[in-house]
Structure formats: structure tokens, C-alpha cells
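Data first, discussion second: the structure below is written as C-alpha cells.
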Amino acid sequence: MDCVSFVSIRAIFQGFHTPTVNAIIPSMVPRDKLTRINGINFLFTGVVQMFASFVASILWLFLPINIILWIDIITFFIALVPLILISIPTVNHINHVENENEVVEKRSFIKEFKLGLKIIKLIPGLVIMIILSMLLNFLIRPLDTLMPLYINVNHGGTAGHLALTMIIFQGGLIAGAIVASVKKEWNNKIRVIFISIIIALVGYLIFAIAPKRSYLILGIGGVILGFNLPIINALYQTFLQTTVPPDKIGRVSSIDSTFSSAISPIGALLSGPLAVLNGIQSLLFYCALIGIIYTVIIWCFTGIRKVDIDSESNLEKINIEINNLEI
């Protein structure tokens, strides 16, 4: 019970951490460097996750789990040192008042939330992107939840096979993050996002239909899926950070994170019953196929393909409209 409470508290504060980091980045990084910085962020995340799993498994041979968990606390204080030393710029909040003597009221949480929703509706294509993100998070959750069972039951694999599969997947993540961080300019970002989503889901599909004990095919599918995820996420974060003014990015990022994360537990809860009814392999296959079909439909039958976030004039127009919003 204590462990559940600890994890719950940690998750609550993580909900504040991620949107805050995404909101700070645009105030410290030039607009034309955002994609590279987001790529570097995913690169280090992938490297840490890969080596953390390896180090944890080694430590588990010699130490009890309650001692190993102290690493999380120790590394937190290590990370706190540069955070104290680094100067984070203050974002000037734009207030629209009728006269200079008017006292600006402190907005409530509800008003700030409503403002965030208005901004999301105002930005072309953002509502569609959030809905797509929610669905993809839902469809990819069974793979994350059922991976150990899929390797063990469907492919007769051991813990070593699972570890190898995860390492290959993490290698794909790292490779994709390197590409996102090295490439200087991305034209037609929305188109690249959708193409990367389709390719990632094809990798998901290959992973799902791999014959029994075909670990090479599993690895190919995992690499294709892993390689494209950092590119998708880096460009999507850049989409948010370039279209939303710095003093309002926190609201939009929080709402986006809330909607995208809220669907994940539902996907995890449904994974078990659906796998029992249809089988793990069939479930993963249908999730990948539905994702591909849904992505193609959104691209072909909505206005998202006409959204241009590479034009400075369009971005300036969006920023002016957002700054003129009133609650």
C-alpha cells in the first residue's frame, strides 16, 4: 500500500513536471532550434531509459528493491543542482485592459483552463492533432502492457528474449532521436508527422504479425516503430511551441498532456480482457491496422493537410489572435 501511495504521489508531480518543461523550452531556445532541442530531449530520455533498465537488473542481483529505489531520490537531488544554477528567463504575461489604472484580477483555475481551450480551438489543426494523439496513445497501450506476455506466450521467449527486444526498440528510439536532434530544418512538419505515424504503425503491424520465434522480424518492427516515435514527438512539441505564445504555452501543454494521458489507463485496462477474447497477436494486429486507417482518414478528409506552421506570417497571425483572446 505504501508503494502504491509513493508511486501515486510521484505520478501527480510528474503531471506538473512534463508540461512545465515543455513550456520553459520556448523561452530559452530560438524558434528555429526547437525541433533539435526537443530531439535532444528525447535522445537523452531514451539513453537513460535503456541504461537504467540494465543497471537496475544488475543491482537487483546484489541489493533489495527498497534500496535500489533510493537511486530515484538520489538522482533527483543531483538533477536539482544544475536547476538551481541555471537562470530561467521570465515570460512577460500580456494583459489586455481598457485603461492603465485598471486592476487586473488574478484569474482562477477555471478561467485559465477555459483560456487554454480557446487557444486550442483557435490554432488550425491542433484539435485534430490532440484527438489523433489520444487515439494513438490508446492503440499503442496494449503493446506496452502485453509485451512480456506476447514474447513469452506467443513466441515462447524467455526474459533474455524480452530484454533483447526491448533493447532493440530502445535503440530505434535513440536513432530516431539522433536524427531529430541533428537535422537542422524540417519543412512541411505536419506532413512529416503523418508520414512518420504511418511508418511507425507499419512497424507496429510487422511486430504484431511476426511468426513464432521470429525475433529478427520482431526486431525490425520494433526498430521501425521506435525510430519514428521521437521524430513524431519532437515535431509535435515544436508545433505547439511555435504556434502558442510563450506566456500561454503552459496552459495548452497541460491540457494536451491531460487529454493524451487520460486515455492511456483506459487502454491498459482494456488490454487484458480484449487479449483474452481475441488473443494478444490479434489484438496488436487490429490496433496497428485501425491506427493506420484512422490516420489516413484524418489526413484525407480533414483540413489538417492544409495547415502551414512553417510560414512566419501565419504564425504571427495566430499569435496576434491568441493574444487578443478574452475570457
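The values are calculated or read from the model by the stated rules, or taken from the named source; none is laboratory data. The model shown is predicted, which means the values in this text are computed figures rather than measured ones. Note that each Cβ is placed from the backbone with ideal geometry, even for glycine, and that neighbours are counted across all protein chains shown.
Observations on the model:
- Within the option set PHE285, PHE239, being over 30 Å from LYS111 (Cβ atoms) and in a helix (DSSP H, G or I) holds for one residue only, PHE285.
- Residue-level analysis places THR295 among those that are under 16 Å from SER133 (Cα atoms) and either surrounded by fewer than 22 Cβ atoms within 10 Å (Cβ to Cβ) or of a type in the set (S, T, N, Q) (or both).
- Check on ILE217, under 18 Å from the mean Cα position of the chain (by Cα), surrounded by fewer than 21 Cβ atoms within 10 Å (Cβ to Cβ) and part of a helix (DSSP H, G or I): no
- Set ILE167, ILE174: member being closer than 19 Å to LEU216 by Cβ, hydrophobic (A, V, I, L, M, F, W, C), in contact with a helix residue (DSSP H, G or I) (Cβ under 7 Å, 6 or more places away or on another chain) and part of a helix (DSSP H, G or I): ILE167
- Any chance THR75 is within 27 Å of the chain's Cα centre (by Cα) and either on the phi > 0 side of the Ramachandran plot or at pLDDT 80 or above (or both): yes
- Residue check, ALA200 within 18 Å of the chain's Cα centre (by Cα) and surrounded by fewer than 22 Cβ atoms within 10 Å (Cβ to Cβ): no
- Cross-chain or 6+ apart pairs with Cβ under 9 Å, the stretch 176-194 first and touching a residue at least 24 places away in the same chain (Cβ under 8 Å) and among the small types (Gly, Ala, Ser), then surrounded by 13 or more Cβ atoms within 10 Å (Cβ to Cβ) and not in a helix (DSSP H, G or I): ALA180/TRP186
- Of residues in the stretch 259-291 being of a type in the set (Val, Ile, Thr) and either surrounded by 15 or more Cβ atoms within 10 Å (Cβ to Cβ) or touching a residue at least 12 places away in the same chain (Cβ under 8 Å) (or both), the one nearest to PHE138 (Cα to Cα): ILE263
- Verdict on THR20 being in contact with a Leu (Cβ under 8 Å, 6 or more places away or on another chain) and of a type in the set (Ser, Thr, Tyr): no
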